[in-house]
Amino acid sequence: MMASSTKLNQHSLTDITDQIKNLEEELAKKTISLEICWRELIHFYYYQPKNPIFITEDKIDDVFSKFTTDGLPFEIIDGDNIHFPVEFLSKAIPTNHQRILVVSVIGPQSTGKSTLLNMLFGCSFAVSAGRCTKGIYGTLLDCSIPGYDGILILDTEGISGLEKQDPEYDRKIYLFCMATSDIVLLNLKGELNQDMQSLLAITANSLIELNTKIAHVPTVFMILNQNLDSDR
């Protein structure tokens, strides 16, 4: 009788956990997040009418500049629409950061990349159960490293994601980080599997083809991340 009751409780707990996970996924699809608001403002920046009444390019630039100066995370590549607003970011990011050390993290999905960056650099990338980064986010921080005015931290979407399952998209994410970063953190929960090795090899070859004058080869650190509890 006791064993049956314990088994029933375990099944009930599993059902509740599954329901919570499904609700979180549905809520994530319907939530109006801050990055969606910024996407709309950036589109307005590009396609606004000739004589705007309520908001101007300068106002959007100023607000975004203040946003990044405060060390808040901002979207660099829109993972839903694969959009990179390079013109807007070039104008809006504060110009007092002339020489920036770029540190990025790459790795499989759900390996704690955002949590790792938050712990190492004091960032505030969003982390929660069932949430995965889409695209690439950045945080701009001041630093006292000789020769640098600031640090740009890049948090990336994990590869082999169930939502996309697009090897070409994964290669683009990796190549972007490798081509723009000074330091790349390869975050793993287990061994470096064959798919990951192939992806890294393809990315390295692509970097060579890009020419060293355009992109330099970053320093890569492999991190075996088996403790995702930020309280430990």
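Rounded to the nearest 0.05, what FRET efficiency do HIS43 and LEU13 have when you use their Cβ-Cβ distance and R0 = 45 Å?
Values: r = 44 Å, r/R0 = 0.98.
That gives a FRET efficiency of 0.50.
Figure the gain on full extension for GLN98 and ASN22 (residue separation times 0.36 nm, minus the Cα-Cα span) and round it to one decimal in nm. Write out the running numbers ahead of the final one.
Numbers: separation 76, 0.36 × 76 = 27.36 nm, distance 4.48 nm.
22.9 nm is the gain from fully extending GLN98 to ASN22.
I need the peptides 135-144, 14-23, 82-91 ranked by packing, meaning the mean over residues of other C-beta atoms within 10 angstrom, with the highest value on top. Intermediate results must be reported in sequence, preceding the final value.
Working: 135-144: 17.6, 14-23: 10.7, 82-91: 14.0.
Descending packing order for the listed peptides: 135-144, 82-91, 14-23.
To the nearest 0.05, what FRET efficiency results for ASP61 and LEU120 with a Förster distance of 30 Å applied to their C-beta separation?
On the way: r = 30 Å, r/R0 = 0.99.
Plugging the Cβ-Cβ distance into 1/(1 + (r/R0)^6) gives 0.50.
Between ALA179 and ASP195, what is the spin-label point distance in nm, taking each point 7 Å from the Cα along the Cα→C-beta axis?
2.4 nm
Where a number appears in this text, it was derived from the coordinates with a stated rule and is not lab data. Remember, predicted model here, so these are calculated numbers, not experimental data. Every residue, glycine among them, receives a Cβ derived from its backbone with ideal geometry; neighbour counts consider all protein chains shown.
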